[in-house]
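Engineer: Here's a structure for you.
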């Protein structure tokens, strides 16, 4: 194996690692956002509980919109404690090899051949994205369940322009798709 070939393989390996780190980094950021939402919900539940207790302590009856409606005999149930997020669910990605890398000379963009990264609304089931892939003749080759992010690969070769058009078309056609992008590959100089 020549030194040039070894360097290319190292570049591809490093690019794959960078992709995996970025893919997981996005997932971690979304988990943090979800955790912040859970924390806010807990705070709001605590405020509500305090307001209910204050109303009960002043012995002012809670008025309902319907005068025929009776007040509940019990106080509202305590909000259930949520457990910290531990299981991020299914998580995998396809490694980009040297043969998968395409360089578009006009734009200077280097990307994985026939692949797009798709971000969906959180909670979108994998089966729904699989239906989309069946329609566009692609397959899911990477997935982060907790953030509903997908790495898809088209079964037929696609040009830069065709992939670019799909990046625009998919979010317009499917309201649960928030965005689509090239699966970018970066080169890092290795001596």
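The values are calculated or read from the model by the stated rules, or taken from the named source; none is laboratory data. Note that the coordinates shown come from a computational prediction; the quantities given were computed from them, not determined experimentally. Note that we place each Cβ from the backbone using ideal geometry, even for glycine, and neighbour counts take in every protein chain shown.
Engineer: May I ask you to say which residue of 152, 146 is surrounded by 17 or more Cβ atoms within 10 Å (Cβ to Cβ), on the phi < 0 side of the Ramachandran plot and in contact with a strand residue (DSSP E or B) (Cβ under 6 Å, 6 or more places away or on another chain)?
Structural biologist: Details: 146 fails: in contact with a strand residue (DSSP E or B) (Cβ under 6 Å, 6 or more places away or on another chain).
It is 152.
Engineer: Find all pairs meeting these conditions: Cβ atoms under 8 angstrom apart; at least six residues apart or on different chains; first residue within the stretch 1-28 and closer than 15 Å to residue 91 by Cα; second residue assigned to a loop (DSSP other than H, G, I, E, B) and modelled with pLDDT of 70 or more.
Structural biologist: Final answer for the pair search is 19/93; 19/96; 19/185; 20/93; 20/95; 23/93; 27/88.
Engineer: Can you report the number of residues in the stretch 156-181 which are in contact with a helix residue (DSSP H, G or I) (Cβ under 8 Å, 6 or more places away or on another chain), part of a loop (DSSP other than H, G, I, E, B) and farther than 16 Å from residue 139 by Cα?
Structural biologist: If we filter the stretch 156-181 for residues that are in contact with a helix residue (DSSP H, G or I) (Cβ under 8 Å, 6 or more places away or on another chain), which is where we start, we get 158, 166, 170, 174, 176-181.
Next, from what is left, pick out any that are part of a loop (DSSP other than H, G, I, E, B): 158, 174, 176.
In the following step, the residues that additionally are farther than 16 Å from residue 139 by Cα were identified as 174, 176.
The total comes to 2.
Engineer: Among 191, 121, 157, 137, which is the only one that is at pLDDT below 90 and either more than 21 Å from residue 22 (Cα to Cα) or under 14 Å from the mean Cα position of the chain (by Cα) (or both)? Before you say what the answer is, go through the steps one by one.
Structural biologist: Working: 121 fails: at pLDDT below 90; 157 fails: at pLDDT below 90; 137 fails: at pLDDT below 90.
Criteria check complete, one pass: 191.
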